[in-house]
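The values are calculated or read from the model by the stated rules, or taken from the named source; none is laboratory data. Computed from a prediction, not measured in an experiment: that's the story for all the values here. Here the Cβ positions follow ideal geometry from the backbone for every residue, glycine too, while neighbour counts run over all protein chains shown. Heads up: the accessible areas ignore ligands, DNA and RNA and are worked out on the full protein's heavy atoms, side chains in. Shrake-Rupley method; radii C 1.70, N 1.55, O 1.52, S 1.80 Å.
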Amino acid sequence: MELFPCPYLDGDVECIKDREAHIAERHPDLHPGGWERISATLEDPDQVRRSVRFLNARIFSRWYDVLGKHVVVVVLDEPSGRHWIITAYIARKYLNLRYDREADILHIDSCPPYAGQESEELRDEVIARLNPDTGEVENIEVLFFSTRLFRSETVELPITATMRLTE
């Protein structure tokens, strides 16, 4: 059994042998360096959110520039105070939606914004931040978001996306 410190949960997170085997078998793309990335994700995540499917599970994610992907760790948070890993995997895209009420901007991010990104206006007051090497959309900012909702305006974005449920 592996133990990983997790300041967010104020304790250690267990990874028992059958979960280690599951991760190694089902998500071999985590290796090499998988356990170090799992540990770093639990110690310093970019995002933590509750699972939609399992209310007592939390989903930790962290972006790795070297991979160009997110490492995602799903942890069961039992009422007894025990925390244990259900699974961990690498995700190419992991959308984070955040509304900035003060600026009235909806942020849709697949990775944290960074200085090298290029910006392009997709529609009136809808800004895309693009990967400078691939041209892929990595972030979208919808300006004056609440105003659009009050006007019952549909916000259509000229992008395609593939979505699936996380574990």
Per-peptide average of other Cβ atoms within 10 Å, ordering 76-84, 38-46, 97-105, 2-10 highest first: 38-46, 2-10, 76-84, 97-105
Total charge dipole magnitude, the stretch 102-163, about the Cα centre, Cβ charges on Lys, Arg, Asp, Glu only, Debye to nearest 20: 200 debye
Proximal charge balance of ASP133 [Cβ under 14 Å; K/R count +1, D/E count -1]: -3
Carbon plus sulfur fraction of accessible area for the chain, probe 1.4 Å, in percent: 51 percent
The stretch 57-143 - percent relative contact order, Cα under 8 Å, separation 6 or more: 18 percent
Surface per residue (accessible, 1.4 Å probe) for the chain, Å²: 61 Å²
Rounded if a/c under 1.5, otherwise prolate or oblate - the stretch 72-154, Cα gyration tensor axes: oblate
Cα-centre dipole for the chain with unit charges at Cβ (Lys and Arg positive, Asp and Glu negative), debye to 20: 600 debye
Euclidean distance between Cα centres, the stretch 46-98 to the stretch 8-43, Å: 11 Å
